[in-house]
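Notes follow the structure.
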Amino acid sequence: MEGMTRAQVDNAESKDFALGGKPMRPRDAATLMLIDRSGGEFRVLMGRRSRKHAFMPGRLVFPGGRTDPSDSRVAVADTLHPAVEAKLVVKGKRSISSARARAIALSALRETYEEAGLLIGRSGGYKTKREGWHGFAENGVQPTLSNLRMIARAITPPGRVRRFDTRFIAAWRDDVAVELPGGGPTEELEELVWLPIGNAVSEEIPMITRTVLGDLANRLAEDPSLDADHPVPFYYMRHQRFLRDLI
């Protein structure tokens, strides 16, 4: 993809990941949009994926990944805001359980620890044997969910090698209890940067990330405290049409 324009890269992704046959079922996933509101402007944390990765090499992304089964069995200090949970349980014609909604939100916190070394929660004794959560126990941080806010949801279009039903969840930098030196224990992200939202949209980022960043900018302009009841966009493709609903 070297030497290609951003539009050419996005178009190439759509073609290169095309598959015949029945579309793959999207997996639940979550990504965290960590917002710094100090300094007079909103900045977001993004990290660059290793250029060795087969999936989106070199792209700036938010920390995130798929929801693991163990995420539903992690102890937390508090619960999701009811309005946020209501948005998370929406799943097509059916609803998912509250436990699954909580697991999806927790996966955003776990991935942020693993990829960025940031522990979102509050100080206090914490014990767990769950994989991916050892850093919270080692640093005495109890995961918290009450301040998380839903920003958007997007399902990868059919015909891609990897499909995710991703919830874009926001948290404030103020909610970070511990920032581990050197980043997280995984090597998913090569560098971490705090970018003003206006600058982030012009970086080498996936198309859906650019779209959701625009949603976040508009949301903060009219709702700077990120009210939990605010409607959020839901992006998906149906009959070869890219649709945007509100949930």
> How many lysine pairs does the chain hold where the Cα atoms are under 30 Å apart and the two sit 8 or more places apart or on different chains?
Replying inline: 10
> Roughly to the nearest percent, how much of the accessible area of the chain is carbon and sulfur, given a 1.4 Å probe?
Replying inline: 49
>> Could you work out [θ]222 nm for the chain from helices alone, using -39500 (n - 2.57) per DSSP H run of at least four and dividing by all its residues? Round to the nearest 500 deg cm²/dmol.
In response: -7500 deg cm²/dmol
> Once you list every other residue whose beta carbon is under 13 Å from the beta carbon of GLY140, what net charge do they have if Lys and Arg are +1 and Asp and Glu are -1?
Replying inline: +1
>> Please compute the modelled spin-label separation between ALA137 and ALA77, points set 7 Å along Cα→Cβ, answer in nm with one decimal.
In response: 1.8
> Just for the chain, what percent of DSSP beta bridges are antiparallel, to the closest 5?
Replying inline: 75
>> How tilted is helix 207-222 with respect to the longest principal axis of the chain? Cα atoms for both, answer in degrees (0 to 90, nearest 10).
In response: 50
>> For a quick check: with amide H placed at 1.01 Å from N, whose amide H comes under 5 Å from ILE120's, ignoring anything fewer than 5 positions away on the same chain?
In response: ALA177
>> Can you pull out the trypsin sites (Lys or Arg not before Pro) in region 83-177 whose DSSP state is coil and whose Cβ has at most 13 other Cβ atoms within 10 Å?
In response: LYS93, LYS127, LYS129
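The values are calculated or read from the model by the stated rules, or taken from the named source; none is laboratory data. The structure displayed is predicted, hence computed values, not measured ones. Cβ: placed from backbone, ideal geometry, glycine included. Neighbour counts: every protein chain shown. Protein only, heavy atoms only, side chains kept; ligands, DNA and RNA dropped before computing areas. Shrake-Rupley method; radii C 1.70, N 1.55, O 1.52, S 1.80 Å.
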